[in-house]
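One structure below.
The values are calculated or read from the model by the stated rules, or taken from the named source; none is laboratory data. Since this is a predicted model, take the numbers as computed values, not measurements. Cβ placement follows ideal geometry from the backbone for every residue including glycine, while neighbour counts extend to all protein chains displayed. Ligands, DNA and RNA are excluded from the accessible area calculation, which covers all protein heavy atoms including side chains. Shrake-Rupley method; radii C 1.70, N 1.55, O 1.52, S 1.80 Å.
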Amino acid sequence: MEHNDTRNDPLWARLLFMLGYWMLGCIAFSIAVLLGIAQLIVVWVRGGRHGGLETSGNLFANYAYECLKYIVFASDEKPFPLGSLPKRSEP
């Protein structure tokens, strides 16, 4: 696994990455919310969850979380596209 340590990066570079990950995190969060709404409709119509929507929503939520961790200095590892994709966690 590739480790993208930014402790040695200048703060101005960190700021640029933070802005980029803020935009990507907002997009991922919005997609996760839309997938949640789609899941709500599926549950309402079919009476059960759609596994693909659940998995995809979880992936986008995890990515938004990783972006936020980088922004608040909880992690020095850069998320995707400069780092690895978020791990799939079981819902």
Does segment 24-34 include one or more residues that are out of contact with any helix residue (DSSP H, G or I) (no Cβ under 8 Å at 6 or more places or on another chain), surrounded by 13 or more Cβ atoms within 10 Å (Cβ to Cβ) and at pLDDT below 95?
-> no
Surrounded by fewer than 16 Cβ atoms within 10 Å (Cβ to Cβ), more than 19 Å from LEU82 (Cβ to Cβ) and among the small types (Gly, Ala, Ser) - does that describe any residue in segment 7-22?
-> no
If a residue has to be hydroxyl-bearing (Ser, Thr, Tyr), in contact (Cβ under 8 Å) with a residue 12 or more places away in the chain and touching a helix residue (DSSP H, G or I) at 6+ places or on another chain (Cβ under 6 Å) to count, how many in segment 52-88 make the cut?
-> 3
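Can you confirm whether ARG88 is at pLDDT below 95, over 15 Å from the mean Cα position of the chain (by Cα) and of a type outside the set (A, V, I, L, M)? Reasoning before the result, please.
Numbers: at pLDDT below 95: yes; over 15 Å from the mean Cα position of the chain (by Cα): no; of a type outside the set (A, V, I, L, M): yes.
No, not satisfied.
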Determine the pairs where a residue that is in contact (Cβ under 8 Å) with a residue 60 or more places away in the chain, located within segment 14-42, has a partner that is among the basic types (Lys, Arg) and surrounded by 12 or more Cβ atoms within 10 Å (Cβ to Cβ) with Cβ atoms under 9 Å apart, the partner being 6 or more residues away or on another chain.
-> PHE17/LYS78
Within segment 40-72, considering residues that are part of a loop (DSSP other than H, G, I, E, B) and farther than 20 Å from ILE27 by Cα, the one least open to solvent (accessible area, probe 1.4 Å) = GLY48
